[in-house]
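Colleague: Sharing a structure below in structure tokens format, with a few things to ask.
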Amino acid sequence: MTRASAGSTGDLLLSVARQVRRRYGSALAEYDITPAQSRAMRIVSDGDEPLRLSHIAERLHVAPRTATEVVDALEAIGMVERLADPTDRRATCVQPTPAGLRLRQVIDETRQRESTAFLDRLSAKDRADLHRILTELEES
């Protein structure tokens, strides 16, 4: 039995996703940033407004304490800054610093580079088909 036929399609999808995450994590290590920190940077820098820590936790699908730890680490290296929430003095918001915005660009370039390198073994048609299929699955 071949490796491909040994597992279900779902198992194969998870295996490929793990491979991509490992490649991505290794590439990010060059910049002293973890995959969790990169996900948080992408969330924090997606909009024009600072985000509450609770919203960051929701978007990361983690406990608020975990989001706080990730933001603490990013703040310690100057990538984000905390500010008081203008509508709720008990809440804290987070926004990227200029260095954080530059890091976001590096993160995006690294993700693109690693994805391209991983998928280059597929033909252009196969990549297009995979993209179409994954988009359809994500939207369902």
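Colleague: Once you've got the GNM for the chain with C-alpha springs shorter than 10 Å, pick whichever of LEU53, LEU122, LEU103 has the biggest mean-square fluctuation.
Modeller: Between LEU53, LEU122, LEU103, it is LEU122 that shows the largest mean-square fluctuation.
Colleague: Would you mind calculating the relative contact order of region 1-128 from Cα pairs under 8 angstrom and at least 6 residues apart, reporting the percent as a whole number?
Modeller: Relative contact order here is 24 percent.
Colleague: With charges only on Cβ, +1 for K and R and -1 for D and E, what is the dipole size of the chain about its Cα centre, in debye, rounded to 20? Before the final figure, lay out each step's value.
Modeller: Working: 21 positive and 22 negative charges, 80 e Å.
Approximately 380 debye in magnitude.
Colleague: So how far apart, in nm, are the two label points at ARG102 and ARG42 if each is 7 Å from Cα heading toward Cβ?
Modeller: In this crude spin-label approximation the distance works out to 2.2 nm.
Colleague: A follow-up question, please. What is the Cα centroid distance between region 122-140 and region 36-52, reported in whole angstrom?
Modeller: 27
Colleague: Given the options ALA29, THR92, LEU60, identify the residue whose Cα lies farthest towards the positive end of the charge dipole of the chain (+1 on Cβ of Lys, Arg; -1 on Cβ of Asp, Glu).
Modeller: ALA29
Colleague: If you don't mind, another one. If R₀ is 35 angstrom, what is the calculated FRET efficiency for the pair GLU69 and ASP129, using the beta carbon separation as r and rounding to 0.05?
Modeller: Efficiency computed from Cβ-Cβ geometry: 0.30.
Colleague: Hey, what do the phi angles of region 103-114 turn into as Karplus ³J(HN,Hα) couplings, whole Hz, using 6.51/-1.76/1.60 and θ = phi - 60°, x for Gly and Pro?
Modeller: Each residue of region 103-114 in turn: 4, 4, 5, 4, 4, 4, 5, 5, 4, 5, 4, 5 Hz.
Colleague: Tabulate in residue order the Karplus-calculated ³J(HN,Hα) for region 47-54, using 6.51 cos²θ - 1.76 cosθ + 1.60 with θ = phi - 60°, rounded to whole Hz; enter x for Gly and Pro.
Modeller: Per-residue couplings from phi come out as x, 8, 10, x, 10, 5, 4, 5 Hz.
Colleague: Using θ = phi - 60° and the Karplus relation 6.51 cos²θ - 1.76 cosθ + 1.60, list the HN-Hα couplings for region 12-24 in order, rounded to whole Hz, with x at every Gly or Pro.
Modeller: 5, 4, 5, 4, 5, 4, 5, 4, 5, 4, 5, 4, 5
Colleague: Under 11 Å from a label point 7 Å along Cα→Cβ of ALA91: give me every residue in region 56-72 with its amide N that close.
Modeller: 56
Colleague: With each label point set 7 Å from Cα along the Cα-Cβ vector, what nm distance links HIS61 and ALA76?
Modeller: About 2.7 nm, to one decimal.
Colleague: Go through [x] 18.0, 62; [y] 13.9, 42; [z] 14.1, 45 and flag the label whose value is the computed Rg and Dmax of the Cα atoms in Å for this structure.
Modeller: Computing Rg and Dmax of the Cα atoms in Å and matching it to [x] 18.0, 62; [y] 13.9, 42; [z] 14.1, 45 gives [x].
Every number in this text was worked out from the coordinates using simple rules, so none of it is lab data. Keep in mind that this is a model prediction, so the values were computed, not measured. Note: ideal-geometry Cβ built from the backbone for every residue, glycine included; neighbour counts use all protein chains shown.
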